[in-house]
1. Open to solvent by less than 80 Å² (accessible area, probe 1.4 Å) and at pLDDT 85 or above: does that describe ALA48?
2. Please name all residue pairs, on different chains or six or more residues apart, with Cβ atoms under 9 Å, provided the first residue is in the range 5-22 and is under 11 Å from THR38 (Cβ atoms) and open to solvent by 80 Å² or more (accessible area, probe 1.4 Å) and the second residue is of a type in the set (Phe, Trp, Tyr) and modelled with pLDDT under 90.
3. Which number in (1) modelled with pLDDT of 85 or more; (2) exposed (fewer than 10 other Cβ atoms within 10 Å of the Cβ); (3) within 30 Å of GLU131 (Cβ to Cβ) marks the one condition that GLN85 misses?
Amino acid sequence: MDYLQARNARGFLHASTCDWPEGFGEEFRCCMEAQGMTVTRYSPEQLAALRCAPVLGEPQAPEPQEAAAAGPSLAPERPLPEIGQEVLSPVLGRATVTHYLTWADGSRAAVVESRRGAGLVRPGEWEAAPEQESTPAPEAAVPTVPPVSIPPGQCVMPSLFDFGAQA
């Protein structure tokens, strides 16, 4: 039984299935190609090799200390804003850094949140937000409520469906 994977134009996995029952794989391929996907068919042997391949982001065996110390870093360290710092994002405007994301190649980005949503800020794409001048909020006029007089002896609300019936 063959295995099929459909990937989008950027190479990301969109869908996968087995060719079962017989002939389903051809329907899957036609459907996915109609949506602009690229479909790859794997035999059971190819699938076994595919499953044994390391996946990006999985923990790998640690490198020996000598090799790690001798080799250069994959991504140069560039400044990122501190967590909690307010920055100006080109997409979100004024935002606050919540945490960082690190990719397998060592590159990093800061995750920022603003009133417009959340997004990523990479090194060089941000600048420190200027201090906001605290302007006092205008005092809203408190509306005065006129006193309500209740006539004595009237303690029951009139009925909604009382059409002038005599009691």
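1. Considered against the rule, which asks whether it is open to solvent by less than 80 Å² (accessible area, probe 1.4 Å) and at pLDDT 85 or above, ALA48 comes out as yes.
2. If the second residue must be of a type in the set (Phe, Trp, Tyr) and modelled with pLDDT under 90, no pairs are left.
3. Looking at each condition in turn, GLN85 falls short on (2).
The values are calculated or read from the model by the stated rules, or taken from the named source; none is laboratory data. Note that the structure is a prediction, hence the values are computed from the model and not measured. Note: ideal-geometry Cβ built from the backbone for every residue, glycine included; neighbour counts use all protein chains shown. Just so you know, the surface numbers come from the protein's heavy atoms only, side chains and all, with ligands and any DNA or RNA stripped out. Shrake-Rupley method; radii C 1.70, N 1.55, O 1.52, S 1.80 Å.
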